[in-house]
Amino acid sequence: SQTIHQWPATLVQPVGSPLSLECTVEGTSNPNLYWYRQAAGRGLQLLFYSVGIGQISSEVPQNLSASRPQDRQFILSSKKLLLSDSGFYLCAWSVLQGANEQFFGPGTRLTVL
Amino acid sequence: SQQGEEDPQALSIQEGENATMNCSYKTSINNLQWYRQNSGRGLVHLILIRSNEREKHSGRLRVTLDTSKKSSSLLITASRAADTASYFCATSRETGTSYDKVIFGPGTSLSVIP
């Protein structure tokens, strides 16, 4: 069966510090991968999606970047965090093409102080 | 914008009652999905309904889709306290690439009181 992992679960970082959130998927090959951010009590904002290794599409201009160094690994990064980067970050995967049901990881709660 | 908008934003009911949440969207879609999110957790997929379908059932869940009105509803029958969560609709449309863009609405917060 497929599983998706995210870490860390929670993170408190000072403004200006770097960020690296990791997401890995098991039990499937060549998935579409997604990074979302969710503000408190709000819906999901798509940040990045990837349809293959090294292929990253950005949905909104921001202080963040994403990379996909391996087929089932998706990394969200920042060189210098802003207060506005605080939020709940969710990684998800879906089957490439076909029905686009998405499977979500447990999320990372990021607080920038 | 394609974004779905759920209605109501918040809903509080007694255990055993039915809960109905609605979703409206603005553009043509390929399919519509409903997800559930427990507080502080990731989203869990509940049901997907395609644009050529009008109704789907899954256990205590019933989803309808009216493409002429660009709206969908999620009905949870005989609600339980464990159904307390936020519910999101997500619409998708074909992009002609390997990625079908999915847009999530802001969600409905459901509280089921024991």
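The values are calculated or read from the model by the stated rules, or taken from the named source; none is laboratory data. Everything numeric in this text was worked out from a predicted model, so none of it was measured. All Cβ positions, even for glycine, are placed from backbone atoms using ideal geometry, and neighbour counts span all protein chains on display. We work out accessible area using only protein heavy atoms, side chains counted, and drop any ligands, DNA or RNA first. Shrake-Rupley method; radii C 1.70, N 1.55, O 1.52, S 1.80 Å.
Observations
- The range A:65-113: trypsin sites (Lys or Arg not before Pro) falling in loop per DSSP and having at most 15 other Cβ within 10 Å: A:79, A:80
- Buried solvent-accessible surface, both chains (B, A), 1.4 Å probe, Å² to nearest 100: 1700 Å²
- Share of carbon and sulfur in the accessible heavy-atom surface of the range A:1-60 [1.4 Å probe, %]: 50 percent
- Placing dummy labels 7 Å off each Cα toward the beta-carbon, the span from residue A:57 to residue B:93 is 1.4 nm.
- Accessible-area ranking of B:86, A:65, largest first, probe 1.4 Å: A:65, B:86
- Accessible area of residue B:7 in the full protein assembly, 1.4 Å probe (Å², nearest 10): 90 Å²
- Chain A - convex hull of alpha carbons, volume per residue in Å³: 97 Å³
- Put simply, the range B:12-85 fits an ellipsoid with semi-axes of 23, 14, 11 Å; these come from the alpha carbon gyration tensor as the roots of five times its eigenvalues, largest first.
- Net charge over other residues, Cβ less than 9 angstrom from the Cβ of residue B:49 (K, R count +1; D, E count -1): +1
- Accessible-area order (highest first, 1.4 angstrom probe) of the listed residues B:41, B:54: B:41, B:54
- Nearby lysines by direct alpha-carbon distance to residue B:56 (threshold 20 angstrom, same-chain neighbours under 8 apart not counted): B:69, B:70
- Based on alpha-carbon atoms, the Kirkwood radius and the radius of gyration of the protein assembly as shown give Rg/Rh equal to 0.97.
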